[in-house]
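Scroll down for the structure; my scribbles are underneath it.
Values quoted throughout were computed directly from the atomic coordinates according to the rules given, and no laboratory measurement underlies them. Predicted model only: the values in this text are computed from it and were never measured. Note that each Cβ is placed from the backbone with ideal geometry, even for glycine, and that neighbours are counted across all protein chains shown.
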Amino acid sequence: MHLISRLALVAPLAVLPFIPSVGAATIPQYVYDYAPLIWLHSQDPYRPSDLQQQLDHTTPQVNWTTVASAPLPLTLDNLDQLNDLGNTSVYLTSHEGIDASPEPAWFRGITPDKQGRLTNGSGSVIVLVDHGSGNVDAFYFYFYAYVIDAKLQFNDKREEKLY
């Protein structure tokens, strides 16, 4: 069984915090109508993740040292401020660590409802580039907090590589 989700419906307004002047009414309908579909395999334990939950479980660092002047709490609205605190050297590291045992629940993401929507988080973003005269580029991204290089074993002994 595969869960099917229309990416734009997962969190179509997630772009708004980044571009406050763009409202839902100004996003062309075709951006929603032609959004890509994603298929989530029912046996894959990892799902699209909430972007804010990722930020809640990470600490900005430069050279393995916590950036003391980083905004708290770290949000999608202030994430860009990290650029002034270390430029390309700033990275986000998990509080629990990649080898945490037991594995934190937030690593596994959020399972969409039957309509393919994430009701308790934003797991995707639509980035719009307006070229004027009605020409808009739309880029669709979805986010996974953690992905392990996993394979599924089926009854007929064939393997399907997930990632």
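Label-to-label distance, residue 59 versus residue 101, with points set 7 angstrom from Cα along the beta-carbon direction: 2.3 nm.
In loop segments of region 40-91 as defined by DSSP, the chymotrypsin sites (Phe, Trp or Tyr not before Pro) with at most 10 further C-beta atoms inside 10 Å of their C-beta are 64.
Between the beta carbons of residue 34 and residue 129, assuming R0 = 22 Å, the FRET efficiency works out to 0.90 to the nearest 0.05.
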